[in-house]
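Chemist: Here's a structure for you.
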Amino acid sequence: MSLPTLPSGLSGLFTDLREFLLALRFARSELLWLLLVLALLALSNRYAQIRRRKATEALGRPTAIAALHTHPRPRQRWLGLAYPLAWVLLIVGLAGPRWGKSDEPGVAVGRDIVLVIDLSQSMKADDMASSTARTRWEAAKAGMLDFMNSVSRRGGHRIAVVAFAARAKLLVPLTTDYDHVRAVIDEIDGAFPPPEIRPGADPSIVSGTRIGAGLIAAVAVHDPRFPGSQDIILVSDGDDPGDDREWTKGADAARKAGIPVHAVGVGDPTKSTPIAPTPDELVATKLDEDVLKQIAAETRGEYLPAQREVPRLGDFFRARIEPYPSREVSDDAIPQPKERYVWFLAPALGLLAIGWLRGR
């Protein structure tokens, strides 16, 4: 038995509605909780009305009591909705609805932050404590998404994403398009990293973990116009089988540019976990905190020992990055959503005026 399908017109309508809801943003989304308070007040008022009516009907004959209840004339009954609808529109308007794109250039006030994720073979180790992020790369990805949730609440900060293994690749240049950044992070798959960062058959590649290359790529992404308002967040297990201190090249580049590297260590530092880079190969890996601590110390950054837990990068952003000095950049390429609060506040004021005139 086949399921009924929606007519093409309705299907298109639902698609358009879904795209609109995905594009809808609010400048002060916390105010939308007032809609719940408004609904609770409405239910409480309705309940009180029902109780009063039952108490009144208990005093006399139903027909006599019914005559005491005067109903508004049909043409005026809709006016009773003026105040409730006005309050709904007023709350939505004050929450700052935004959709579409403004013709005005956007101004981003904040810091420039490059997220660097390690996608080398050792990041496939499943030694994490989280039931939803068992491998190191999954925990790193979850931490980055937590970071983006905190950044998007304020806005203004520009974010870039770099992935590395044997080589580095820029996934997202500096941008304030947080939806795009989230989408790219969502697509990261440590089990199948981009071919551009794999060692391949290149004999010059001595290790599948080139932390220095990832940091050099992150420094190159930063805008030289804004020194002092830049950060790099490196999420890695620090385990480089090459053991040739290649990471010092990246740390030197960041230090010379004056960019702090905040190193986040993921993995179990107490015992090794076996992984199979190839079907015929089995190696052991564990979190090397010493390397990550040195990178943070040499660049005047901080070391975050997430270890077997998902990194709480959202908390770290709010406490250790957001309070620091910001830069201001105006760029036509910065997507600026268009303010639509007038569409809600104007009808709300009109309905309030109608309700006031009705009550005179």
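The values are calculated or read from the model by the stated rules, or taken from the named source; none is laboratory data. This structure is a prediction, so every number in the text was calculated from the model and none was measured. Glycine gets a Cβ as well: all are built from the backbone with ideal geometry, and neighbour counts include every protein chain shown. The protein model used for the area step is the full one, side chains on, heavy atoms only, and it has no ligands, DNA or RNA in it. Shrake-Rupley method; radii C 1.70, N 1.55, O 1.52, S 1.80 Å.
Chemist: Ala191 passes all but one of (1) touching a residue at least 60 places away in the same chain (Cβ under 8 Å); (2) in contact with a strand residue (DSSP E or B) (Cβ under 7 Å, 6 or more places away or on another chain); which number fails?
Modeler: Here Ala191 clears every test but (2).
Chemist: In the stretch 231-244, which residues are of a type outside the set (Ser, Thr, Tyr) and either closer than 18 Å to Asp126 by Cβ or open to solvent by less than 10 Å² (accessible area, probe 1.4 Å) (or both)?
Modeler: Filtering the stretch 231-244 for residues of a type outside the set (Ser, Thr, Tyr) gives 231-235, 237-244.
Correct list: Asp231, Ile232, Ile233, Leu234, Val235, Asp237, Gly238, Asp239.
Chemist: Just to be sure I understand, how many residues within the stretch 311-345 are at pLDDT 90 or above and either open to solvent by less than 50 Å² (accessible area, probe 1.4 Å) or more than 22 Å from the chain's Cα centre (by Cα) (or both)?
Modeler: Residues meeting the conditions: 6.
Chemist: Using beta carbons and a limit of 9 Å, which pairs, at least six apart or on different chains, have the first residue in the stretch 91-102 and on the phi > 0 side of the Ramachandran plot and the second one part of a helix (DSSP H, G or I) and modelled with pLDDT of 85 or more?
Modeler: Gly96/Leu31
Chemist: Residues in the stretch 157-174: is at least one over 23 Å from Gly238 (Cα atoms), open to solvent by 40 Å² or more (accessible area, probe 1.4 Å) and in contact (Cβ under 8 Å) with a residue 24 or more places away in the chain?
Modeler: Yes, the stretch 157-174 contains a residue that is over 23 Å from Gly238 (Cα atoms), open to solvent by 40 Å² or more (accessible area, probe 1.4 Å) and in contact (Cβ under 8 Å) with a residue 24 or more places away in the chain.
Chemist: Would you mind listing the strands (runs of 3 or more DSSP E) fully within the stretch 85-138 where at least 1 residues are of a type outside the set (S, T, N, Q) and either at pLDDT below 95 or over 22 Å from the mean Cα position of the chain (by Cα) (or both)?
Modeler: Numbers: elements: 97-101, 106-110, 112-118.
Where strands (runs of 3 or more DSSP E) fall fully within the stretch 85-138 and carry at least 1 residues being of a type outside the set (S, T, N, Q) and either at pLDDT below 95 or over 22 Å from the mean Cα position of the chain (by Cα) (or both), they are 97-101, 106-110.
Chemist: Could you please tell me which pairs satisfy a Cβ distance under 7 Å, a separation of 6+ or placement on different chains, a first residue in the stretch 33-57 that is touching a residue at least 40 places away in the same chain (Cβ under 8 Å), and a second residue that is of a type in the set (A, V, I, L, M)?
Modeler: Leu34/Ile91; Leu35/Val88; Leu35/Ile91; Leu38/Val88; Leu38/Ile91
Chemist: Among the helices (runs of 4 or more DSSP H) lying completely within the stretch 176-292, list those that include at least 3 residues that are basic (Lys, Arg). Working first, answer last.
Modeler: Details: elements: 178-187, 211-221, 247-257.
Fully inside the stretch 176-292 and qualifying: 247-257.
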